[in-house]
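Chemist: Right, I'll just put the structure down here and ask away after.
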Amino acid sequence: MRNLIFILIAIVAIQSCNQAKDHYSIQVDLDDTEGKWVRLMSLDDRKYVVSDSVFAEAGTPAVMTNSVVGVKTMYLTVEDGQGSIQLLIENTQYDITGNLESPVIKTDGKAQSDMNAYNDELKYIMEIYYSSISEPAGVDPAAVPIPNWLRSTRSITTRDLRSLEYHWTATLHAG
């Protein structure tokens, strides 16, 4: 009988730990947000739609609470701010600190935690990559000629940038 009671208590404890939350809560404490609107936007029918917004008071973090079905990609923006923070929103708790350029996102949600781990690994890989293509000492980057195909007025693509990087690196190392 005693074992049966312990088993039932264990089942109830496991069940209560695994219950899905019915809403998300985002606590935003970014630098330079006092007195500005903080917006959570989503992309619906190829248009950005404000899903939630809150006015950030001085000295207190801005808190947004709502609910979503499943996992939804949303973007956190600040009024008059440059850029946004991409979030994978699910019904869980989020704490966002830092600034728009380098936010610190703490959450117990699996999707956002996986994306945070991916971004951290990508940052590490990019640091290694950029350190490997550093310019040689004593070379003036302004002295490297710009190819004619880059002088056109058309939009520059990622392929163009990669080609320019190859051209620039080859020119520096050849000279």
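Chemist: Over 23 Å between C-alpha atoms is what I'm after, so list which of K21/K123; K47/K110; K21/K106; K47/K106 land there.
Modeler: With Cα atoms farther than 23 Å apart: K21/K123; K47/K110; K47/K106.
Chemist: Follow-up. Spelling out what I want: for every residue of segment 68-77, take phi, set θ = phi - 60°, compute 6.51 cos²θ - 1.76 cosθ + 1.60 (Karplus), and round to whole Hz; glycine and proline get x.
Modeler: Karplus values, whole Hz, x for Gly and Pro: 9, 9, x, 10, 10, 7, 9, 10, 8, 10.
Chemist: Going by how many other Cβ atoms sit within 10 Å of their own, how do R46, R162 line up, fewest first?
Modeler: R46, R162
Chemist: Let me ask something else about it. Give the long-range amide H neighbours of N66: residues separated by 5 or more places, or on another chain, with amide H under 5 Å away, using H modelled in the peptide plane at 1.01 Å from N.
Modeler: Under 5 Å from the amide H of N66: Y24.
Chemist: How high is the relative contact order of segment 20-129, given as a whole-number percent (alpha carbon pairs under 8 Å, six or more residues apart)?
Modeler: Reported relative contact order: 28 percent.
Chemist: If you don't mind, there's one more thing I want to ask. By counting other Cβ atoms within 10 Å of each Cβ, how are S84, S131 ranked from fewest to most?
Modeler: S131, S84
Chemist: Are there GluC sites (Glu not before Pro) in segment 54-97 that DSSP puts in a loop and that have at most 15 other Cβ atoms within 10 Å, and which ones?
Modeler: E57, E79
Chemist: From the convex hull of the Cα coordinates of segment 18-80, what is the mean projected area in square nanometres?
Modeler: 5.2 nm²
Chemist: Which whole-percent values make up P(r) of segment 20-129 when all C-alpha to C-alpha distances are grouped in 10 Å steps starting at zero?
Modeler: The percentages, shortest bin first, are 14, 46, 32, 7, 0.
Chemist: Oh, and also: Quick one: L43, L88, fewest Cβ neighbours within 10 Å first, how do they rank?
Modeler: Ranking L43, L88 by Cβ neighbours within 10 Å, fewest first, gives L43, L88.
Laboratory data are not the source of any read-out in this text; all were calculated from the coordinates shown. Fair warning: this is a prediction, and the values are worked out from it, not measured in the lab. Positions of Cβ are backbone-derived with ideal geometry, glycine not excepted, and every protein chain shown enters the neighbour counts.
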